[in-house]
1. Please list the non-local residues whose amide H lies under 5 Å from the amide H of Glu592, H modeled 1.01 Å from N, same-chain partners needing a gap of 5 or more.
2. Just to verify a number: FRET efficiency for Gln610 and His120, C-beta to C-beta distance, R0 = 56 Å, to 0.05?
3. With a cut-off of 8 Å between alpha carbons and a minimum separation of six or more residues, what is the relative contact order of the chain in percent?
4. Between helix 206-216 and the chain, what is the angle of the helix's C-alpha long axis to the longest principal axis, kept within 0 to 90° and rounded to the nearest 10?
5. With r defined as the distance between the Cβ atoms of Asn112 and Thr139 and R0 fixed at 30 Å, what FRET efficiency is calculated, to the nearest 0.05?
6. Which peptide among 560-568, 252-260, 400-408 comes first, and what is the full order, when sorted by highest mean count of other Cβ atoms within 10 Å?
7. Using a simple spin-label model with points 7 Å from Cα along the Cα→Cβ vector, what separation in nm is obtained for Gln277 and Tyr197?
8. Compute, for the chain, the length of the dipole vector about the Cα centre, with Cβ point charges of +1 (Lys, Arg) and -1 (Asp, Glu) only. Units Debye, rounded to 20.
Amino acid sequence: MTDFFAHSENEINEKHLLKDHLKSVSMLIREFCKDIDLPLTDEAYFCGQLHDLGKYADLFQARLRGEVSGLDHWSSGAWLALENQSIASALAIQGHHIGLQKGSRNALRAMNLATLTTQHPLGLKLSDNDVNRLKSRFTSDNLTFSKSKRLAIEPDKGFQNPVAKMLDVRMLFSCLTDADFLDTEAHFEGDDQGKKYRIPGPPLNAKEALGALEQFMDTNIRGVIEADRTVLESRNLLWQMVNTASTAKPGLFTLTAPTGSGKTLAMLKFALEHAVQNRCIKRIILAVPFLSIIEQTAAIHKAVFKAFPENYVLEHHSLAGLGGEEAKDDAEVATERARRLLAENWDAPIIITTNVQLLESLFSNRPSACRKLHNLMESVIMFDEAQTLPQHLAVPTLAALSHLSQTYRTTVLFATATQPAFDALDGAVKKHVNAGWQPVEVTPDHAQLYDALRRYTVSWPMQGETKDWTTLANEIRNEAQVLCVLNLKNHAAALLKEIKNDPDVFHLSTNLCALHRRAVLDVIRTRLKTGQPCRLISTQCVEAGVDLDFPVAYRALAPLDAIAQAAGRCNRAGRLINNDGKHVMGEVRVFEPAVEGDYRKRYPTWAYFQATEVTRSMLILAGTQGIDLNDPAVFRDYYHRLYDLSKPESQGKELFNAITEVDFVGVAKAYRLIDHTAIQVLVPYGACIDKFNELDRKQDQEGISAQWIRRAQGLSVSIFRPKADHPAWQVLIPTKLHYGKGVSDEWYILEDHEGKLYDDILGLCLPQAQQILIG
C-alpha cells in the first residue's frame with residue numbers, strides 16, 4: 001500500500017504521514033470545542049478530516065519531493081464539504097492556507113472543482129480534480145468520514161445575520177487552523193521519539209488563583225500602600241461591589257470607577273470570583289488600548305501569580321500579523337509554513353494583550369490572527385479603558401462581542417473611569433444580533449466613588465487662549481514635579497526641544513520599547529516618591545492605566561475622556577499635604593497649544609478632532625465654572641453629544657457593505673483600529689544591549705521561533721509598515737525564519753552602527769520621509 005504524506009521531512013528525516021495528520025487534527029479540533037454544545041462542535045471533526053484531502057493527490061506527493069509547485073490542495077476538501085451542505089467547513093477548509101474568502105452564493109458556487117480546473121483565481125493548479133479518487137485513497141487509509149448532523153450555517157438560511165454567522169465561521173476556522181498548526185509544528189519539532197507537541201498552557205485554577213490574589217492584597221496593598229483614608233475606603237467599597245456582581249452568569253458587564261480606585265486588581269478579582277461561580281470559565285483575557293500599559297499591567301499580574309508556572313500570564317504585545325490575508329502562490333513554501341507556525345494561540349490561563357490584537361482578530365480572515373479565537377470561548381474578556389474603542393467601529397464590535405457572550409459562554413467586561421454610553425447604541429446593535437447591547441453595571445454606586453475621590457482642581461483655558469512652547473516650557477520649569485501630556489509626538493518633541501539639557505526632564509511615548517518605558521517609569525516613580533524633581537513630557541500613552549501620581553498635570557485640550565484620564569495621574573492617591581500637614585488638591589491645567597497650520601492637524605485623527613470639538617462646545621456652555629470631571633453624568637452627556645455629532649451607527653459603510661456581502665477579505669481590510677499594517681522592530685536599547693545582541697545572534701544562526709518572539713517583545717517597537725521607497729528600509733534588516741529558509745515580513749532588526757537611531761530619550765528615530773511611528 002502506498003504511503004501518502006502531509007509534510008516533508010523534519011530534522012530527523014521523517015515525513016509526516018497524511019492519515020496521522022488528519023486523525024490528529026480532527027481530534028484536536030474536536031477537543032477545542034467539546035464543552036460547547038453548538039452545531040460547529042458537530043462540524044469540527046468533519047472539518048479536520050477534509051482539510052487536507054487534496055494531499056492524497058499524486059501531484060501533491062510530487063510537490064513534497066520538490067518536483068512541482070504552485071498547487072492548490074485545499075479546494076477539493078472544501079468542495080466535498082460543500083457537497084455535504086457544510087458551508088462553514090467549506091469556508092474554513094478553503095481558507096486554512098489563503099485566509100477566509102467570501103461566503104456569498106456566487107462565491108460558494110465558484111468553489112466547484114470544474115471551474116477551478118479551467119480558471120483558478122490565484123493562478124494555481126488543483127492537486128487533483130477527481131474527488132472520488134481522493135475519497136478512495138482516504139478510505140483506503142482506514143479513515144472514515146464523520147458527516148455532521150448539525151450545521152453552523154444552515155443552507156436554507158445562509159448568512160441571515162452576517163456579523164454573528166461570520167464569527168461562527170471564524171470560530172470553526174480558528175479550531176481548524178490551530179489544530180493544523182499545532183500538529184504540523186509537532187512534526188517539524190519531532191525527534192526519534194515521534195512528534196513533539198508544544199507543552200500546553202496550565203489550566204486556570206480559579207480558587208487557587210483567587211487565594212493568591214487575596215494573599216497579594218494582604219501583603220502588598222492593604223495597610224501597606226500609602227494613600228488617603230478616603231481613597232482606601234473607596235477601594236474597599238469597589239472590591240465589595242465587584243465581589244457581589246461576580247456571582248452572575250456569563251454575560252455583558254460594565255465596571256465604572258474613577259482613576260486611583262484600584263480598578264486593575266478589582267477587575268482581576270471580578271474575573272476570578274466569576275470563574276469560581278461559573279466553572280465553565282477557562283481563561284481570563286485583559287485587553288488594553290496602548291502598548292505602554294501592557295508591561296505595567298503584566299508586571300502586576302505576574303507579581304500576584306509569582307508562585308505559579310512561568311507561562312501562567314502571557315503577554316501578547318505584537319501589533320503585527322493582523323488584517324487581510326494575502327493569497328500565497330504555494331502553501332508548502334517553507335517561508336509560508338514558517339510564518340504561520342509562529343502565530344500565537346493564547347493557550348494560557350491569563351492573557352494580557354492589546355485592543356488591536358484582540359478586536360482585529362475578531363474580524364480578521366487570516367489563519368495567524370484567527371488561530372487564537374477558539375480560546376475566547378468560555379472566557380472572561382475585560383477591556384480596560386473601554387472609552388478608547390473607535391466610534392466608527394463601535395456597532396459591529398459590540399455586535400460581535402454580544403454574540404460571543406450569548407453563544408460561547410463568554411463574559412465581556414468594559415471597565416473605565418469614563419464609561420461610554422454604548423447602551424445608547426443598543427438599537428443599532430440589535431440590527432445585527434438579537435441580544436443587542438445591554439450590559440449590567442458591576443458598580444451601581446459608582447457616583448459615590450467619584451464624589452469621594454475628588455483629588456484635584458481643574459483650570460480650563462479661556463475661549464481663544466493659547467500657549468506657545470516657550471511659555472509652556474517656562475511654566476513647566478517652575479514646577480518641581482509635573483506631568484505634561486500632548487496630543488502628538490511632534491508636539492512632545494517640540495516641547496522637549498524647549499526644555500533641552502534639563503536632567504530632570506523625562507519622556508514617554510511608544511517610540512520607546514517596553515523595557516525602556518519600564519525603566520523610565522521606575523525612575524519617575526522613585527523620584528516622585530522621594531520628592532526629587534521630575535518633569536515628564538509624554539504622549540497619550542501615559543494617560544490610561546499607567547500608575548503615576550504627580551501634584552501638577554498639564555493636558556493639551558483633547559476629548560473629554562482623555563483629559564479625565566490625564567487628570568487621573570494627578571494626586572492619584574490623595575497624598576498631597578501642605579506645610580500645615582493638611583491634605584490639599586492637585587492641580588490639573590488644561591491648555592491649548594499655539595500651533596500654526598490646519599486646525600484639524602493638531603490632532604492625531606479626525607475622530608479625535610471631532611471629540612475635542614465636543615469638549616470645546618461643552619466648555620463654552622459651562623462658562624467660568626468649567627466642566628466637572630468627577631461627575632459621571634457629565635460623561636453620559638458628553639458621549640450622547642459625541643454620538644449625535646459622529647453618528648457611529650451610520651459610520652463604516654465599507655465595513656458594513658463587506659459584512660452584508662459576507663466578504664471576509666473585505667471585512668478584514670475595513671475593520672482596522674489602526675489604519676496601517678504594523679511591523680515589529682527589535683531595537684538596541686542600551687541598558688539591554690546584551691539581550692539585543694543575543695536575540696540578534698540567535699535569529700541569525702537559528703531563525704526566529706515562537707519562544708524568540710516572546711523574549712523579543714520587550715525590546716521591540718511597533719511601527720507602521722513603511723512604503724517601499726522609505727529610507728527606513730536601509731536600516732531595517734528582516735529576521736530569518738526558524739523553519740526552512742527565508743525571512744520574516746513582520747519582524748526586523750534595527751541596524752544602528754553609529755548609535756543614532758535609538759535615542760536614550762526619544763527612543764526609535766528612523767530616517768523619515770513620512771510618519772510611520774505608532775501613537
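The values are calculated or read from the model by the stated rules, or taken from the named source; none is laboratory data. Predicted model, so just to flag it, every value in this text is computed and none were measured. A quick note on method: Cβ atoms are made from the backbone with ideal geometry, for glycine too, and the neighbour counts reach across all protein chains shown. Heads up: the accessible areas ignore ligands, DNA and RNA and are worked out on the full protein's heavy atoms, side chains in. Shrake-Rupley method; radii C 1.70, N 1.55, O 1.52, S 1.80 Å.
1. HN-HN under 5 Å from Glu592: Lys467, Leu557.
2. The value I calculate is 0.80.
3. Dividing the mean separation by the residue count of the chain yields 14 percent.
4. Helix 206-216 and the main axis of the chain meet at about 30 degrees.
5. After rounding to 0.05, the efficiency reads 0.85.
6. 560-568, 252-260, 400-408
7. Inter-label distance under the simple model: 3.4 nm.
8. Roughly 780 debye for the chain.
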